[in-house]
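Q: Input: one structure, supplied below.
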Amino acid sequence: MEVYTKSFLHHEVLCELSVEVAENECRVLAFVNGIPVYDTKQVQPLELEGVLLTAEQITRQEAEKAQPVSDGVTSVVKMLLRLGYTKSV
């Protein structure tokens, strides 16, 4: 299984999408400030793009309700997240 992630800021709120790709199906997860807001399993590859667009839209909507990223996050980190960079572990 391979995992792909996307991180971004929306209204100064940290948003993350994760896609787990298996041979015949995928799983899509979305988080706002580390809190899960979307999780769907058994997504067929042909449906994946639509599911990703839905997950990102839900993530942006939930981010608008959440609190902005803490002041402890530097402006450089905010810029990198805004541009879609993901922190390596």
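Q: Would you calculate a helix-derived [θ] at 222 nm for the chain, using -39,500 (n - 2.57) for each DSSP H run of n ≥ 4 and dividing by the full residue count, to the nearest 500?
A: So the helix-based figure for the chain works out to -9500 deg cm²/dmol.
Q: Just one of (i) 12.6, 39; (ii) 13.4, 42; (iii) 18.6, 51 is Rg and Dmax of the Cα atoms in Å calculated from these coordinates, so which is it?
A: The value matching this structure is (ii).
Q: As a footprinting exposure proxy, order Ser18, Ser75 by other Cβ within 10 Å, with the fewest listed first.
A: By the 10 Å Cβ count, ascending: Ser75, Ser18.
Q: Using a Cα distance threshold of under 22 Å, what count of lysine pairs results for the chain when pairs must be 8 or more residues apart or interchain? Before the final figure, lay out each step's value.
A: On the way: Lys6/Lys41; Lys6/Lys65; Lys6/Lys78; Lys6/Lys87; Lys65/Lys78; Lys78/Lys87.
Pairs that pass both the separation and distance tests number 6.
Q: Say we join alpha carbon atoms closer than 10 Å with springs in a Gaussian network model of the chain; which of Val76, Val51, Val13 then has the biggest fluctuation?
A: Greatest mean-square fluctuation among the candidates belongs to Val76.
Q: OK, next. What chymotrypsin sites (Phe, Trp or Tyr not before Pro) does the chain have in DSSP loop regions with at most 16 other beta carbons within 10 Å?
A: Of the chymotrypsin sites (Phe, Trp or Tyr not before Pro), the ones in loops of the chain whose Cβ has at most 16 other Cβ atoms within 10 Å are Tyr85.
Q: In degrees between 0 and 90, to the nearest 10, how far off the longest principal axis of the chain does helix 48-65 point, with axes built from Cα atoms?
A: The answer is roughly 30 degrees.
Values quoted throughout were computed directly from the atomic coordinates according to the rules given, and no laboratory measurement underlies them. This structure is a prediction, so every number in the text was calculated from the model and none was measured. Note that we place each Cβ from the backbone using ideal geometry, even for glycine, and neighbour counts take in every protein chain shown.
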